[in-house]
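Asker: Before I ask anything, here is the structure I am working with.
The values are calculated or read from the model by the stated rules, or taken from the named source; none is laboratory data. Computed from a predicted model, the values in this text were never measured in an experiment. Heads up, the Cβs are rebuilt from the backbone with ideal geometry, glycines too, and the neighbour counts pull from every protein chain shown.
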Amino acid sequence: MTDFRTLALEYVLSDEPEKQKRSALNAASAIQSDPRPSNPVLRWVQSIGSWIAADEGSADVGEGGESTGDVIARSKALAFLADTIEALDSEFLNHDQVSHLISFFGSMFKIDHRHGIMPAARALSRVASMKAFKPTQADRIIQSVCGLGDDFKAQSPKTRAVVYDLISQIVSQPDAAGDLQHRYGASAGFMVDLLQLCRNERDPMCLLTWFGILRKFLTEYSPSPEVVTEIFNVFSAYFPISLRSSHHPSGITAEDLKVALRDCFSAHHSVAGQAFPFLIERLDQGEGLTATVKLDILRTLKACLQKCTDANQGVIPFADKIWTSLKYEVRNGEVEDAVKETLQVIGALFSRLDGDNLQRLVHTVQQDCLDDLDNPTYTPAAQKLLLAVSSGSPSAFALVAFAALQPVKDSLRHAKSTDHTVSLLNLLNSLQEVRCARMQQSTAALTPHHVGVLQRTEPAFVSLYRDVFSQPFQQAIHPEASKETLIIGEKAIQGLALLFKQQHSVTCSQIGDSILAPEDASEIISDLSSFLLSRAFRTKDEESEEALALLQAAIRALQAAVTRIPDAFSKLVTDSFAIFEGATNVSFEELWTRLRSMLPKLAFIGCSELPVSEDKLQHSVLLLSSLLRQLQSMINRKAPAGVWAEYAIGIHTTMYTFWVACENSLERPVREKKVEGYDTGLKDDLRFSPGRWVRYVSSRFSSLPTLQDESMVKTLEDENEGTSDSEPYYKKLLATESRQQLVGDMLLVYLFVARQLYRRATSIISSENATTIGIRLSEDFQGKDNEYSYAVLISRVAQFAISRLGFWEQNQLRLLEQVPALFRAEDVLVDGLGSEAESGGHQSLRDVMASKFTPELEIDWSNPPSFPINPLTNECLVLLAFGIMAPLQLTTIPVDPMSSGIITRLFFAGLLSRVDPTLPPQPLTSLMSLLMNVSNKIPLNELTNVLDSARAQIETAVSDAHSKMDLQQSELLAWHVSQRAGQSISEVRKLMARPVLYITAGALRRYKGNYLKAILAAIIRGPADLEAGHMFASDIEILFKESPVLQTDSHPRVVNPLWRQRAYMEIVKPMLDLALPKKDGSTSMTIAANYSIAVLHALRNLSLEIYEDDMEQIIRMIICVVRMLPLSLETLYGLQLVKTICQKGSDQVTPFLGSIIDICTSVLVPTEHERKRNRGAINLEALHAMTKDGGSKNSPLIPRIQVLALEILRDLTKHYEARHLRNEAPAVVRRLGRILGDSYRETRANAHSAISAWHNLIR
């Protein structure tokens, strides 16, 4: 048999919680495994007998007579039992054992008031959760606890908290609650005893549980009114409650206590008789209340009103008093938060009233508020009160509306001022907003009675157009309207917008479901459209602030109108584009101005909200069709590319606006992020097929124009997929679910529009028998100045359209194949005479691509391969390819040979970076961005030929003229030199390295393993080149700089959270070791300067936490850079790092404070800096070549450097103790005085603040 006394002794003698827990677990295991005849439970309890007996033997000893050791040991012994019980299975103990344990631990509350209470309470809590625990035993536990009497408040807060948890557990058990209710009835004697026990509690943690007990009792039990009153007196004594400290050790906040106490006030309607008078009396104290207490009272009132279970008994008897008190809070309130809370309480009050009670109180409201509408001083308060009442319920709204509309109309006729008129119009508009909100509620939230009540208010609101809004609206749109008229007109137009939103039925599902008569609606729309078209083309400088506000109100009103009456948008678009067409007769510049002003407005009016018609795409397709059609017209008429750009911007804006509208309107997001990519819920949708989708969109949305002849486009669908002439083609592909249909159509329309823009911008050139095939910019671009800007914009349209497609749709549509083809993969090839190519018969560009793009690629470095079909030598073509490639969601190398070949060839196109000699030099930014994007999408370690080529190219680039090259490197360098006639070898080598840097930059973000090791080693060697090292050094920033290519939502990316840390250790750290000249002369000053430049360009893109361990070495390097190099970007970057490091106030900086002060003061006077700079260490021409601005006296960098140096000097006094700086102070002040007369204001201001800071060190 187990020796429980040994286990108890181990527990008592140990001070380690883990050992104590192990002893308790062993005891629990032994109790459950020992044979029952041995009565292990009895032996276990008796194992602590010696400690309990010691207590009894010393019971008569006076205070302080018992040794501290005995008390602690006895407490531990009881804790041993408590921990053991907690480890026992809840079904192990039988009823007798549970009863004996309750008696034993219950006795502790009488015989041990010092250290036995907490373990006894813990043990009873576990016993009460045992299966054998009987509900009748709950009263025994409560009576044992109450036996503490006055000694309860002498217990520690932690002990009391455990006791409160025990009580909460007992009163919350349904069976125990039933027995207590049956045993004591309405008198609730046990609760009266608990009230006496806990009456003076002050600990926040205990109070939180105590309030919960009281709330539970009031909610679940049925006490007598006398008991309820006694309980109310207990918890109301704490109101208002607060904490002495905002941060209590337990983590409990004052707000937690307020909410718990608030729950007591609102627990049951039986408390209302005491709660409402108590709170109203407190609220009526007036100036004696702080704002915080008033808010607490109001929130408590609101909780009582909202949670009262029986409004007839709890709310109605006090409704008049509550209203009387609250109305004065609104009329006289000065604290905005308190007024807002009061209005919410009023709404809660009227939400609990109905029938005669509601009518009676609303009548009182009318008497109190309607007469105030004639007085400009009281109108705002009356407006707030009426709106608060109307928000209570549909019935309350109807009563207020019927009572208030006519008095408001009468007051408007005799308005005393513009502000008075505006207040009255705001009231009408707010009532309309309340009705709209009620009518748009779900049918489940409204009873048939409420629906009928709301519909009966319709005539009262219909009359607002003729009686109220029409006249101020017409006056405001007059060209000579005054400022006051415009202000009133803005409110009138807002009212018209709300009239369009008013509907007949609860669910607005029909076109024209508005309360406005058709002729009134038509008249309003016509006037609004005319006003918009007459004012929309004025600049902000030409209009006053009030006129601009009126125009914005008109735009929003039109948006509300066309959403309910979709056909109205068609006329607005027609009229707008007629104006655009007319502007071309004046000048293309005039057209450009009108497009820029009007197109965003049209997109908002028609596409920012889904129309109520069945065809949700009606407006967006109409606007896109009009834009495409007029863009085609402008291209045909040789309009400037800047005009084309405005149409492209309009297309993109329309797409984005409608996309946001769908996101806001649909029940779930249009697309959701999954592991493999985005999911739009369109998987297996028949519409998404490379052979169907174009024909589907053309058939379903026939208004969308085709910008180029499609007769020579080869279809991929089966010939037997045709449909009867009587049925449109698109009908057999329609989705069955409305969301799927809308989302799928939207995505395909967007892709169709992007395809049209691309096809109009490009053309195919092919020779006889299709032996030479390529894509070029169309003839429309000949002689255009802004062709690049237009290409950027249509590329962004494609990025947006493709990025919104899900992973499955992108793969299904084979969009990767369109990267080289630019949406011409299905085009049938023709020879120079215009006939179809004979080879292969009806051969499409995709057929040719299948043979051109293969993963296997043998490279002849004397004549490297070019990118087939699309040579990527023209910046515009690169942009278009980027627009398709960037948003593709690729996770692995595609299995399809052609797709894999396209990716491989893309890398080689970037590495070789061919330049078309017939075109002016173009920056290769887009091609480099493309490389970074693709290398981040694709695991580069799977493309060994690309890795080998990148390694060979970077090694060739960093090998100087004195290095020995192999044949491959020699051929590669010779080829690059031949492609860049007129450029030096150093410049060519820099351009060779740059594509590898961009590839590496994309791969670094997802880098795992060591496949970049050789490339990184070559990159690190780059700055060691005496001739071109400074060029390689500044380009190191490419690896670390945040690029939009890897940041925007349209460019899926893979980023390892710790990639910067690894890149620092593998790239920057080795360079940092070479950035300081060695004493043995093994590193020249020039090479050290190159590596310093590289490190600075890298560190400026990294956080301090990454390079913190190397702070001392970095500071030394920066000091050398500033002293050695002319004032340049590197100087600025170095000082920026110094400022970042010094702001931490690290002790590592303290030894360098003198040097930091020296370099900061030296750059303040550029001529002095040049005189002191170490010129003999490095050739001056090399310095000027390797640094930006070359230390020019007039460099715009110099003021920035000076300001930064002054900020550092000033901040040093904040972050470091005066004893480290005081010796330098006089010299610093003298030097700073020399720059007080600088010509730059910011320099002078910072100099003054720095001098002031250093003067304080001298005093």
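Asker: Consider segment 222-270. How many of its residues are more than 22 Å from LEU289 (Cβ to Cβ), among the small types (Gly, Ala, Ser) and either part of a loop (DSSP other than H, G, I, E, B) or assigned by TED's automatic domain parsing to the domain that holds LYS158 (or both)?
Answerer: So the answer is 6.
Asker: So the check is Cβ under 8 Å with 6+ separation or different chains; which pairs have a first residue in segment 877-902 that's without any contact (Cβ under 8 Å) to a residue 60 or more places away in the chain and a second one that's among the acidic types (Asp, Glu) and part of a helix (DSSP H, G or I)?
Answerer: Note: pairs meeting the criteria are THR892/GLU942; ILE893/GLU942.
Asker: Quick one: which residue in ALA319, ALA338 is assigned to a helix (DSSP H, G or I), farther than 19 Å from PRO240 by Cα and in contact with a helix residue (DSSP H, G or I) (Cβ under 8 Å, 6 or more places away or on another chain)?
Answerer: ALA319
Asker: Next question, about the same structure. Go through segment 871-899 and report how many residues are under 12 Å from LEU777 (Cβ atoms) and hydroxyl-bearing (Ser, Thr, Tyr).
Answerer: Number satisfying all stated conditions: 1.
Asker: While we're on this one: Grab the helices (runs of 4 or more DSSP H) fully contained in segment 429-494, keeping just those with 3 or more residues being modelled with pLDDT of 90 or more. If you could, list the steps in order and put the result at the bottom.
Answerer: Values: elements: 448-456, 458-462, 470-476.
The helices (runs of 4 or more DSSP H) meeting that bar are 470-476.
Asker: Restricting the search to segment 190-205, which residues are under 42 Å from the mean Cα position of the chain (by Cα) and surrounded by fewer than 22 Cβ atoms within 10 Å (Cβ to Cβ)?
Answerer: ARG202, ASP203, MET205 - these are the residues of segment 190-205 that are under 42 Å from the mean Cα position of the chain (by Cα) and surrounded by fewer than 22 Cβ atoms within 10 Å (Cβ to Cβ).
Asker: Counting residues that are without any contact (Cβ under 8 Å) to a residue 12 or more places away in the chain, in contact with a Gly (Cβ under 6 Å, 6 or more places away or on another chain) and aromatic (Phe, Trp, Tyr), which helices (runs of 4 or more DSSP H) fully inside segment 129-217 reach at least 1?
Answerer: Values: elements: 138-146, 157-172, 174-184, 189-198.
In segment 129-217, there are no helices (runs of 4 or more DSSP H) which contain 1 or more residues that are without any contact (Cβ under 8 Å) to a residue 12 or more places away in the chain, in contact with a Gly (Cβ under 6 Å, 6 or more places away or on another chain) and aromatic (Phe, Trp, Tyr).
Asker: Tell me which of these VAL163 doesn't satisfy, since it passes every other one: (1) in contact with a helix residue (DSSP H, G or I) (Cβ under 9 Å, 6 or more places away or on another chain); (2) of a type in the set (A, V, I, L, M, F, W, C); (3) surrounded by fewer than 18 Cβ atoms within 10 Å (Cβ to Cβ).
Answerer: So VAL163 meets the others, but not (3).
Asker: Turning to a different aspect of this structure: Got a sec? Which helices (runs of 4 or more DSSP H) wholly within segment 28-111 have at least 1 residues that are among the β-branched types (Val, Ile, Thr) and modelled with pLDDT of 80 or more?
Answerer: Those helices (runs of 4 or more DSSP H) span 40-46, 68-87, 95-111.
Asker: So, one more: How many of the residues in segment 937-986 are under 15 Å from ILE1015 (Cβ atoms) and touching a Gly at 6+ places or on another chain (Cβ under 9 Å)?
Answerer: Here the count works out to 5.
Asker: Looking for something outside any helix (DSSP H, G or I) and modelled with pLDDT of 85 or more - is there at least one such residue anywhere in segment 666-680?
Answerer: no
Asker: Yes or no: SER242 under 44 Å from the mean Cα position of the chain (by Cα), small (Gly, Ala, Ser) and either surrounded by 18 or more Cβ atoms within 10 Å (Cβ to Cβ) or at pLDDT below 95 (or both)? Step through it out loud before you land on a result.
Answerer: Details: under 44 Å from the mean Cα position of the chain (by Cα): yes; small (Gly, Ala, Ser): yes; either surrounded by 18 or more Cβ atoms within 10 Å (Cβ to Cβ) or at pLDDT below 95 (or both): yes.
Here the answer is yes, as SER242 does meet what is asked.
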